[in-house]
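Have a look at the structure below, then the notes.
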Amino acid sequence: MVKVKLNDWKLDYQMDEAYKALRTNLQFCGADKKIIAFTSCTPNEGKSNVTFHLAASLAESGKSVLLIDADLRKSVLLGRVQVEDEVKGLAHYLSKQAKLSDVICATDLPKFHIIFSGTVPPNPAELLGGRLFKDMMRLVRDVYDYIIIDTPPLGSVIDSAVIADACDGSVIVIEAGTISYRFVQEVKSQLEKSNCPIIGTILNKVDYGKKGYYGRYGRYGKYGQYGNYGNYGQK
């Protein structure tokens with residue numbers, strides 16, 4: 001198993017407390033919610049940052065966690081680690097170029113493993129929608145307490161809905177003040193077609209200078225409120 005060293009995963013006190021609250025809310029969703037897909041409306045809303053730090057926070061609490069980078073089109077996760085050996089990823093496994101044991105990487109944080117996206121394939125949606133991906137979910141479910149899946153923005157490509165079909169729940173990360181209410185509803189409707197329950201939303205990049213955010217949403221918004229998107233970012 002390849003071992004990687006995490007870069008800059010330690011947070012300041014305020015951010016650390018925010019992720020502890022987020023992981024607690026996730027745990028209150030129920031023991032049956034083990035495989036969670038995270039998506040957003042557009043790129044650059046902070047989704048990958050959220051999944052990375054949430055997975056690390058869960059591992060810090062003693063949970064065994066597998067973070068899967070399922071953005072086979074434009075991954076950013078590999079830039080968060082230091083690695084000396086060649087790393088094969090999800091695309092290699094789904095295209096039968098590597099075994100599952102070859103693509104799971106250990107980290108220097110105990111109980112925190114990562115599967116990177118791997119090379120960019122010509123057919124991401126087809127690979128993610130194939131039987132091999134669902135079989136993999138059944139295998140890792142028996143090994144880890146939580147499987148956190150970073151998926152592409154659903155407002156851009158369909159991959160997230162395809163992935164969610166094999167998951168226990170899904171979460172939408174929304175950048176405060178930039179995404180319209182209507183756009184969020186469109187993404188929500190698309191995600192619901194996968195028959196995967198939406199267990200929450202995360203309001204990310206909240207500007208504390210704007211009156212009304214702090215206290216109502218907290219650092220990362222109301223988590224675990226099904227269908228409750230409020231009016232933030234409405235245009």
request  = Go over the candidates Leu72, Leu58, Leu67, Leu22 one by one and state the one that is under 24 Å from Lys3 (Cβ atoms) and part of a helix (DSSP H, G or I).
outcome  = Leu58
All positions within the range 101-140 that are without any contact (Cβ under 8 Å) to a residue 40 or more places away in the chain and either of a type in the set (A, V, I, L, M, F, W, C) or touching a Gly at 6+ places or on another chain (Cβ under 6 Å) (or both) = Val103, Ala125, Leu132, Phe133, Leu139
ask   = Which number in (1) part of a loop (DSSP other than H, G, I, E, B); (2) crowded, with 22+ Cβ neighbours inside 10 Å; (3) of a type outside the set (Asp, Glu) marks the one condition that Met1 misses?
value = (2)
request  = Please go through the range 77-132 and pick out each residue that is part of a loop (DSSP other than H, G, I, E, B), within 21 Å of Pro43 (Cβ to Cβ) and in contact with a helix residue (DSSP H, G or I) (Cβ under 6 Å, 6 or more places away or on another chain).
outcome  = Gly89, Phe116, Ser117, Gly118, Thr119, Pro121
message = One residue is enough: does the range 131-154 have a residue meeting the conditions surrounded by fewer than 18 Cβ atoms within 10 Å (Cβ to Cβ) and under 14 Å from Thr39 (Cβ atoms)?
response = no
request  = Please go through the range 101-127 and pick out each residue that is over 22 Å from Glu60 (Cα atoms), surrounded by fewer than 17 Cβ atoms within 10 Å (Cβ to Cβ) and in contact with a Lys or Arg (Cβ under 9 Å, 6 or more places away or on another chain).
outcome  = Asp102, Thr119, Val120
query = Within the range 25-55, restricting attention to residues that are small (Gly, Ala, Ser) and not in a helix (DSSP H, G or I), which residue is modelled with the highest pLDDT?
reply = Ala37
ask   = Taking the condition surrounded by fewer than 19 Cβ atoms within 10 Å (Cβ to Cβ), out of contact with any Phe, Trp or Tyr (no Cβ under 9 Å at 6 or more places or on another chain), in contact (Cβ under 8 Å) with a residue 24 or more places away in the chain and of a type outside the set (Gly, Ala, Ser), does Asp207 pass?
value = no
ask   = Residues of the range 58-76 being within 13 Å of the chain's Cα centre (by Cα) and of a type in the set (S, T, N, Q), which ones?
value = Ser75
task = Specify which of the listed residues (Lys47, Lys33) is surrounded by 15 or more Cβ atoms within 10 Å (Cβ to Cβ) and either more than 23 Å from Pro152 (Cα to Cα) or over 13 Å from the mean Cα position of the chain (by Cα) (or both).
result = Lys33
ask   = What number goes with the only condition from (1) closer than 28 Å to Asp207 by Cα; (2) buried (at least 22 other Cβ atoms within 10 Å of the Cβ); (3) modelled with pLDDT under 95 that Gly177 does not pass?
value = (2)
key: Only one of Ser156, Ser160, Ser101 that is in contact with a Ser or Thr (Cβ under 7 Å, 6 or more places away or on another chain), at pLDDT below 95 and over 18 Å from Ile202 (Cα atoms)   = Ser156
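The values are calculated or read from the model by the stated rules, or taken from the named source; none is laboratory data. Just so it is clear, the structure is predicted and the values come from calculations on it, not from any experiment. With ideal geometry, Cβ positions are generated from the backbone for all residues, glycine too; neighbour counts draw on all protein chains shown.
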